[in-house]
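Worksheet: one structure, shown below.
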Amino acid sequence: MRAFIFPGQGSQAVGMGQALAAASPIAREVLQEVDEALGQNLSRLMAEGPADELTLTENAQPAIMANAIATLRVLEREGGIRLAEKADFVAGHSLGEYTALCAAGAIDLATTARLLKLRGQAMQAAVPVGEGSMAALLGADLAKAQAIAEAASEGDVCTVANDNDPTQVVISGTAAAIDRAIAIAKDHGAKRGIKLPVSAPFHCPLMQPAADAMRDALAKARIDAPLVPVYANVSAAPASDPDTIRRLLVEQVTGMVRWRESVLAMAEAGTGSFVEFGGKVLGPMVKRIVPDAEAISVVTMDDVEALLKAL
């Protein structure tokens, strides 16, 4: 069995998608459709930067999605394959869950782009810049990370945001609490804590205003049943019912991304191959979670052609 997986924030880079767009009119069509949906020349920002503008949450989120969907569409249309015939499940990390839903036909491309633009704006607006922070705890599993977050909170918000793999967990909360967590990380068995270059504290209770904004937007958005089940971040379980998908996407804004558990659950369901589209972030995580699994990253035209031969 095979899962198609899609990366989250942090996988953006100036030049992303440029070579693929130069090689394939299908990739160019995807980027143009996203530009038109947003009323913004996002594809130029992806190609030329500047990096600080691309990294802004409201730009990074739709850009990462557009790049991944462009890669998938090239595979599907130039290779003449259908996702439902080649993938048993889809999943994505944080914003990548929206990409996964788009890939599986649950949300159309233009709607996905607009939802992610709004999601980025709402997340950024939820907490004034400088008041929130995030840190990666290296060499820490979930239990250690939860202990560090609890010890550092001192009445402030400090929770686990991303359970990425057995060696890396990300925490999120107020800037003061995250600084305390980094200071005590080694005392609680982590190798070290590293503050992340993010502009807001994602996936923690401070994001409640953004969750409210997404609840309103998702209530109005058309969501169909996906072609294959989507493993949701907050449940680490497959979802296919549109109303359930809406609820889980709202909960995801403030909830923990249970990526390690999601990969384990897909592996336990029989998935032996994981194909990451548009990034090289999730593949290494998969290998740390399920060492025997096959993990492939598809970014370039050569990658697409190699995957087509393998499929």
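The values are calculated or read from the model by the stated rules, or taken from the named source; none is laboratory data. Here the structure is a predicted model, which is why all the values come from computation and not from measurement. Cβ coordinates were reconstructed from backbone atoms using ideal geometry, including for glycine residues, and neighbour counts include every protein chain displayed. We work out accessible area using only protein heavy atoms, side chains counted, and drop any ligands, DNA or RNA first. Shrake-Rupley method; radii C 1.70, N 1.55, O 1.52, S 1.80 Å.
Results, tabulated for the structure shown:
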read-out: Given (1) assigned to a helix (DSSP H, G or I); (2) open to solvent by 30 Å² or more (accessible area, probe 1.4 Å); (3) within 24 Å of Val198 (Cβ to Cβ), index of the condition Ala122 fails; value: (2)
read-out: Number of positions in the range 247-263 that are in a helix (DSSP H, G or I) and open to solvent by less than 50 Å² (accessible area, probe 1.4 Å); value: 9
read-out: Qualifying positions in the range 249-274 - under 14 Å from the mean Cα position of the chain (by Cα) and among the hydrophobic types (A, V, I, L, M, F, W, C); value: Leu249, Val253, Met256, Val257, Trp259, Val263
read-out: Filter result (under 20 Å from Ile69 (Cα atoms), part of a helix (DSSP H, G or I), open to solvent by 50 Å² or more (accessible area, probe 1.4 Å) and in contact (Cβ under 8 Å) with a residue 60 or more places away in the chain) within the range 264-311; value: Leu308
read-out: Residue tally, condition open to solvent by 30 Å² or more (accessible area, probe 1.4 Å) and under 15 Å from Ser273 (Cβ atoms), over the range 1-19; value: 2
read-out: Hits in the range 9-44 - residues which are within 20 Å of Gly92 (Cα to Cα) and modelled with pLDDT under 95; value: Gln9, Gly10, Ser11, Gln12, Ala13, Gly17
read-out: Residue count, the range 68-101 (criterion: open to solvent by 10 Å² or more (accessible area, probe 1.4 Å) and in a helix (DSSP H, G or I)); value: 8
read-out: The range 125-135: number of residues that are surrounded by fewer than 17 Cβ atoms within 10 Å (Cβ to Cβ) and not in a helix (DSSP H, G or I); value: 4
